[in-house]
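Colleague: Input: one structure, supplied below.
Quick note: the coordinates plus some simple rules give every number you see, no bench work behind them. Everything numeric here is computed off the predicted structure, so don't read it as measured data. Here the Cβ is made from the backbone with ideal geometry for all residues, glycine too, and neighbour counts use every protein chain on show.
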Amino acid sequence: MIFGCTVLLILKFCDLDAYRSVQTVDEALDTKQSEEAERTAALHELVKKTQSYNATTTKVALVMSKTRSDDLRWLRDYLQTHIDNTPFIYTMDKKPETELLVAHSSRGREASAYLSFIVDLYDELPEYSIFLHANPEQWHNDLFGPHTSSVLHSLRREAVDAMGYLNLRCTNNPGCPTHVNPNNPTQADIDKNDARANFPTIYKDIFGEDAQVPEHIGGICCAQFAVSRARIWQRPKSDYIRMLNWVNEKSVPLVDDYGVGWVFETLWHVVFGMEGIHCPLYEQCRCDNYGWCGPLPSGKTLTAIAAV
Ligand SMILES: *[C@@H]1O[C@H](CO)[C@@H](O)[C@H](O)[C@H]1NC(C)=O
């Protein structure tokens with residue numbers, strides 16, 4: 001009798017437990033589904049903004065590549081208070097995400113999204129284009145914590161006017177002071193047939209046969225930067241089309257998909273008119289880009305760059 005009761009009790013508890021755990025799974029599923037729905041709604045809102053792009057009222061294009069796992073609710077929120085920005089979101093999934101823009105190549109990660117935007121919008125660019133990654137936070141952002149929205153909010157447009165091109169990141173490592181020595185690859189690079197071993201060829205494929213290959217190339221890493229319209233227009237559209245062709249076809253015998261992204265990460269500053277080595281001083285960069293000018297520990301306060 002006592003034994004029977006115990007069994008019954010255990011069964012009862014077990015049942016209850018089973019019931020409880022089913023319920024939590026259900027709740028978790030509900031939360032997940034509503035989060036999914038919210039993400040989709042946010043994306044739809046962003047797409048509508050892209051579709052109603054007006055080059056007269058938009059000051060800033062925010063250009064990014066996106067994979068399905070990237071959550072863009074941060075961008076929807078950011079744009080609610082930054083109404084002169086328009087997003088241009090390129091899907092980089094094998095199976096394109098509905099409604100998003102499709103790049104002219106599926107190779108090279110963000111490189112093909114950025115180049116596709118320039119080619120597609122060349123004749124109707126807004127004053128500023130900011131190229132960035134889709135996820136809301138990442139280690140590439142070095143000044144305001146990881147949040148991309150704080151970086152964007154604080155960026156000085158005067159600095160983009162004055163310099164034409166600027167990297168959103170100020171920390172000089174990795175990428176500076178020297179990233180590639182095109183004419184002087186190491187034996188290890190040659191043995192691995194690394195992109196570094198083929199850099200002069202790659203450089204001429206990208207910039208044209210007549211381009212002078214720099215002795216050294218260095219620039220801040222991570223492929224997030226702002227460019228003025230004037231600076232993008234310093235190259236004819238045909239240059240960007242040639243670059244896209246390289247991403248798509250010509251690069252194939254020299255580098256893999258990852259290599260294409262790496263090559264452009266190494267060269268964006270050259271694409272946008274800077275010297276082979278472009279490594280601004282950290283403190284000055286912070287001051288120019290974001291207005292954080294001091295006083296420095298030395299007591300000195302810097303002056304932020306302004307267009308003349
Ligand atoms: C773009 O905005 C301007 C200024 O508000 C307006 O005059 C123009 O009609 C708009 N263009 C389009 C295509 O909606």
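Colleague: Taking just the alpha-carbon atoms of the chain, what radius of gyration and Dmax come out, in angstrom?
Modeller: That works out to 24.5, 97 Å for Rg and Dmax.
Colleague: Counting other beta carbons within 10 Å of each residue's own, what order do H133, H147, H44 fall into, fewest first?
Modeller: The order, fewest Cβ neighbours first, is H44, H147, H133.
Colleague: Kindly provide the pair-distance distribution of region 82-236 built from C-alpha pairs, with 10 Å bins from 0 and whole-percent values in order of increasing distance.
Modeller: Values per bin, smallest distances first: 9, 30, 38, 20, 3, 0.
Colleague: Among C221, C279, which comes first, then next, by fewest other beta-carbon atoms within 10 Å?
Modeller: Lowest to highest Cβ neighbour count: C221, C279.
Colleague: Picking from I190, I118, I241, which is most flexible by a Gaussian network model of the chain using Cα springs under 10 Å?
Modeller: Result: I190 has the largest fluctuation of those listed.
Colleague: Still on this structure, please answer the following. Straight-line reach only, C-alpha to C-alpha below 19 angstrom: list the lysines that K59 could link to, leaving out same-chain residues fewer than 8 apart.
Modeller: Counting by Cα, and skipping residues close in sequence, K59 has these lysines nearby: K48, K49.
Colleague: Right, here's the next one. With the chain treated as a Gaussian network of Cα nodes joined by springs under 10 Å, which of S149, S251, S34 yields the largest mean-square fluctuation?
Modeller: Most flexible of the set in this elastic network: S34.
Colleague: Put +1 on the Cβ of every Lys and Arg and -1 on every Asp and Glu Cβ in region 237-308; which of C293, M274, M243 then has its Cα farthest towards the positive end of the dipole?
Modeller: Farthest towards the positive end: C293.
Colleague: Could you tell me the center-to-center distance, by alpha carbons, between region 75-98 and region 144-176 in angstrom?
Modeller: Comparing the Cα centres of region 75-98 and region 144-176, I get a distance of 19 Å.
Colleague: Restricting to DSSP H runs of at least four residues, report the calculated mean residue ellipticity at 222 nm for the chain, -39500 (n - 2.57) per run over all residues, nearest 500 deg cm²/dmol.
Modeller: Mean residue ellipticity at 222 nm (helix-derived): -14000 deg cm²/dmol.
Colleague: Let me ask something additional. Could you identify which residue out of T86, T57, T31 has the top mean-square fluctuation in a GNM of the chain using Cα springs shorter than 10 Å?
Modeller: Answer for the Gaussian network model of the chain: T31.
Colleague: Then there's this: Would you work out the relative contact order for the chain, in percent, from Cα pairs under 8 angstrom that are 6 or more residues apart?
Modeller: 19
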